[in-house]
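Structure first, commentary second.
The values are calculated or read from the model by the stated rules, or taken from the named source; none is laboratory data. The structure displayed is predicted, hence computed values, not measured ones. All Cβ positions, glycine included, derive from the backbone under ideal geometry; neighbour counts span all protein chains shown.
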Amino acid sequence: MTRLRAALAAIASGLLITLAGFALPTSASAAELVEVTDFGDNPGNLQMHVYVPDSAPASPAIVVAMHGCGGNGPGFAGSSEFNGLADQHGFIVIYPTATKQTAMGNCFDVWSPESKTHGGGSDPASIVSMVTYAEQQYGGDPERVFATGSSSGGMETQALLAVYPDVFKAGASFMGVPFTCFANEADFPPQTSQCVNGSMDKTPQEWGDAVRGAYPEYTGPRPRVQLWHGTADPLVPYQLQQEAVEQWTDVAELSQTPTSSDQPQPGWMRDQFADSGGTVQVEAISVEGAGHSLPMSGMAAAAIAFFGIDGA
């Protein structure tokens with residue numbers, strides 16, 4: 001256990017150092033990252049920053065991009081490629097900052113009963129308030145709202161897709177875990193966690209029931225899901241990628257067998273799960289040899305392409 005704590009502390013420290021080394025991107029664009037202090041109901045006590053590119057058209061898409069534990073919205077804006085992609089394709093980016101303190105620093109809540117229930121409150125409800133603000137203030141398109149994030153942000157991505165399928169059309173989760181993987185706050189790392197000890201194993205039906213139970217009244221279409229994980233991740237076991245695949249394919253009522261598999265870039269192994277109409281509802285990308293270090297170069301662009309807002 002002592003070695004585990006030391007390893008996790010080292011990883012968290014390294015991530016913080018990496019984030020600290022990034023400055024907000026500079027470009028010829030006059031657009032800037034702006035903090036919004038009064039965006040509406042905020043039960044999670046989150047902070048909000050938003051990036052609206054000069055190129056934003058009428059009714060732009062909205063992407064919520066979330067940092068890992070110990071990070072913040074401006075840091076993720078600087079270390080990821082989403083602002084540059086927003087300049088290129090004209091979508092709005094919302095960067096929430098988590099404030100709940102854990103042994104891993106400030107992390108997004110994916111463990112409380114409130115975070116697992118539609119309309120229950122906590123961080124998911126605060127993020128939905130940010131989306132509503134962006135729709136009203138900047139004319140964001142409510143039919144094109146997407147979520148993405150790294151580590152804790154990847155976990156929150158899957159939570160948002162489960163709890164608010166009426167808000168989010170798709171999500172790209174980097175190094176996340178299946179929805180409801182953490183039983184409670186005591187199960188969150190680096191304590192002895194049933195979720196991230198490498199032995200979490202539920203049936204697709206059990207995972208799918210967890211998502212359906214978050215919003216039992218919902219009968220509409222489910223968000224499309226893209227899942228990313230490094231095969232050598234020392235913090236969030238790669239095994240949880242398969243558990244997430246099982247969850248979201250069950251929710252989409254798909255077979256556990258991929259409809260296609262390929263290698264879109266060297267080291268990226270991709271399984272796609274398409275519906276009867278040929279639309280890919282679940283996409284899982286394993287990054288050979290990668291640790292707890294996603295997204296890497298080009299991955300944000302692949303997420304935006306999966307959302308269908310890259311103009312292709």
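Take A147 and tell me if it is assigned to a strand (DSSP E or B), in contact with a helix residue (DSSP H, G or I) (Cβ under 7 Å, 6 or more places away or on another chain) and crowded, with 21+ Cβ neighbours inside 10 Å. Walk me through it before giving the result.
Numbers: assigned to a strand (DSSP E or B): yes; in contact with a helix residue (DSSP H, G or I) (Cβ under 7 Å, 6 or more places away or on another chain): yes; crowded, with 21+ Cβ neighbours inside 10 Å: yes.
Yes; evaluated as a whole, the condition is true for this residue.
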- Could you tell me whether any residue of segment 91-108 is at pLDDT below 95, of a type in the set (A, V, I, L, M), within 18 Å of the chain's Cα centre (by Cα) and more than 15 Å from V211 (Cα to Cα)? yes
- Message: Any residue at all in segment 285-293 that's exposed (fewer than 15 other Cβ atoms within 10 Å of the Cβ), over 20 Å from F179 (Cα atoms), modelled with pLDDT under 95 and not charged (D, E, K, R)?
- Response: no
- Determine, yes or no, whether S129 is surrounded by fewer than 21 Cβ atoms within 10 Å (Cβ to Cβ), part of a loop (DSSP other than H, G, I, E, B), modelled with pLDDT of 95 or more and in contact with an Asp or Glu (Cβ under 6 Å, 6 or more places away or on another chain). no
- Message: Could you list, ordered by first residue, the pairs with Cβ atoms under 7 Å in which the first is in segment 218-229 and of a type in the set (A, V, I, L, M) and the second is surrounded by 24 or more Cβ atoms within 10 Å (Cβ to Cβ) and at pLDDT below 95, at least 6 apart or interchain?
- Response: none
- Item | Residues of segment 242-280 that turn out to be in contact with an Asp or Glu (Cβ under 7 Å, 6 or more places away or on another chain) and hydroxyl-bearing (S, T, Y), as a count | 1
- Message: Name the single residue that is farthest from T231 (Cα to Cα) among those in segment 267-284 being among the charged types (D, E, K, R) and surrounded by 15 or more Cβ atoms within 10 Å (Cβ to Cβ).
- Response: E283
- Query: Under 6 Å by Cβ, and 6 or more places apart or on different chains, what pairs join a residue from segment 117-131 that is more than 15 Å from Y95 (Cα to Cα) with one that is crowded, with 22+ Cβ neighbours inside 10 Å and among the acidic types (D, E)?
  - Reply: S122/D109
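Go through segment 107-126 and give me each residue that's of a type outside the set (D, E) and in a loop (DSSP other than H, G, I, E, B).
As a first pass, look at segment 107-126 and keep what is of a type outside the set (D, E): 107-108, 110-113, 115-122, 124-126.
Within segment 107-126, F108, V110, W111, S112, P113, T117, H118, G119, G120, G121 qualify.
Which ones in segment 32-61 are touching a residue at least 40 places away in the same chain (Cβ under 8 Å), hydroxyl-bearing (S, T, Y) and in contact with a strand residue (DSSP E or B) (Cβ under 9 Å, 6 or more places away or on another chain)? It would help to see each step written out before you state the result.
In the first step, residues of segment 32-61 are kept if they are touching a residue at least 40 places away in the same chain (Cβ under 8 Å); the result is 33, 36, 39-52, 56, 58-61.
Filter once more, keeping what is hydroxyl-bearing (S, T, Y): 51, 59.
Scanning segment 32-61 gives a single hit, Y51.
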- Query: When you look at M104, is it among the hydrophobic types (A, V, I, L, M, F, W, C), surrounded by 24 or more Cβ atoms within 10 Å (Cβ to Cβ) and touching a residue at least 40 places away in the same chain (Cβ under 8 Å), yes or no?
  - Reply: no
- Message: I'd like the residue in segment 55-67 that is at pLDDT 95 or above and of a type outside the set (G, A, S) and, out of all such residues, is surrounded by the fewest Cβ atoms within 10 Å (Cβ to Cβ).
- Response: P60
- Message: A210 - would you say it is in contact with a Ser or Thr (Cβ under 6 Å, 6 or more places away or on another chain) and closer than 26 Å to P113 by Cα?
- Response: yes
- Task: Could you tell me which residue of segment 74-95 is surrounded by the fewest Cβ atoms within 10 Å (Cβ to Cβ), considering only residues that are under 17 Å from S151 (Cα atoms) and small (G, A, S)?
- Result: G78
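For residues that are of a type in the set (S, T, Y) and in a loop (DSSP other than H, G, I, E, B), scanning just segment 34-89, find the one that is farthest from the chain's Cα centre (by Cα). Spell out the reasoning first.
Step one: list which residues in segment 34-89 are of a type in the set (S, T, Y), which gives 37, 51, 55, 59, 79-80.
Remaining after also requiring in a loop (DSSP other than H, G, I, E, B): 37, 55, 59, 80.
On the way: T37: 23, S55: 25, S59: 23, S80: 13 Å.
Checking each candidate, the answer is S55.
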